[in-house]
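**Q** Sharing a structure, written as structure tokens. Questions coming.
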Amino acid sequence: APAGGGKAGKGTEAQQKEASSRLRAPTVEKIAEQLGQWYPELGEPAGESDLLAEEVAGELLSHAVLEYEAALSAAFTAGADDRRRRRDQFAKLLEASAARLHLFAKGAAQLGNEDASSAVQRHVLRTVAPEAVDLLLQYEELQLEEV
């Protein structure tokens with residue numbers, strides 16, 4: 001049995017719920033709750049609401065939603081820009097690696113001696129080719145992250 005038994009699963013579930021609640025747009029209830037924590041004096045009755053915090057939260061809601069949407073849009077745009085830069089960087093590295101492979105293959109073919117050509121090709125397959133394959137796999141992994 002895993003260490004911690006069922007408690008580890010519950011902790012993870014609670015963390016997931018907390019994270020997902022942070023991603024939702026602000027509501028009057030959430031704003032009022034936070035205001036009540038920051039300013040306990042807002043816990044007094046006021047107007048049609050039971051609490052002054054709810055009245056203030058109602059006034060702040062439209063501004064909070066606009067700010068939330070702007071921040072969310074900025075986060076997604078920044079993430080897309082970062083992924084695009086990383087993808088372009090990997091593409092350049094992959095191109096350079098493919099050019100080195102092509103250069104070595106062409107050089108090996110120009111040797112004229114089949115034994116020497118075979119030795120160079122084996123050396124290239126052990127040294128340069130793994131780097132190219134690693135770059136290709138990293139590039140594909142980056143492409144899959146975007147899906």
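The values are calculated or read from the model by the stated rules, or taken from the named source; none is laboratory data. Just so it is clear, the model here is predicted, and its values are computed rather than measured. Here the Cβ positions follow ideal geometry from the backbone for every residue, glycine too, while neighbour counts run over all protein chains shown. Accessible surface areas use protein heavy atoms only, side chains included; no ligands, DNA or RNA. Shrake-Rupley method; radii C 1.70, N 1.55, O 1.52, S 1.80 Å.
**Q** Full extension from Arg87 to Glu131: what is 0.36 nm times the residue separation minus their Cα-Cα distance, to one decimal in nm?
**A** Details: separation 44, 0.36 × 44 = 15.84 nm, distance 1.68 nm.
Extra length from Arg87 to Glu131 when fully extended: 14.2 nm.
**Q** For a label point 7 angstrom out from the Cα of Gln138 toward its Cβ, which stretches of the stretch 76-107 have the backbone nitrogen within less than 17 Å?
**A** Taking a point 7 Å out along Cα→Cβ of Gln138, the residues of the stretch 76-107 whose backbone N falls under 17 Å are 82-101.
**Q** Follow-up question, since we're still on this one. By the scheme Lys and Arg +1, Asp and Glu -1, what is the net charge of all other residues having a beta-carbon under 13 Å from that of Val65? Let's see the in-between values first.
**A** Details: positive: Arg24, Lys30; negative: Glu59, Glu67, Glu69.
That works out to -1.
**Q** Can you work out ³J(HN,Hα) from phi for every residue in the stretch 84-96, in order, using Karplus 6.51 cos²θ - 1.76 cosθ + 1.60 and θ = phi - 60°, giving whole Hz and x for Gly and Pro?
**A** 5, 5, 5, 5, 5, 5, 5, 4, 5, 4, 5, 4, 5
**Q** Also, quick follow-up: Quick one: which of 55-63, 108-116 comes out on top by average Cβ neighbours within 10 Å, and what's the full order, highest first?
**A** Values: 55-63: 15.7, 108-116: 10.4.
Highest to lowest by the protection proxy: 55-63, 108-116.
**Q** Here is a follow-up. Give me the accessible area per residue for the stretch 28-145, probe 1.4 Å, as a whole number in Å². Write down the numbers at each step before the final one.
**A** Details: 8640 Å² over 118 residues.
For the stretch 28-145, the solvent-accessible area averages 73 Å² per residue.
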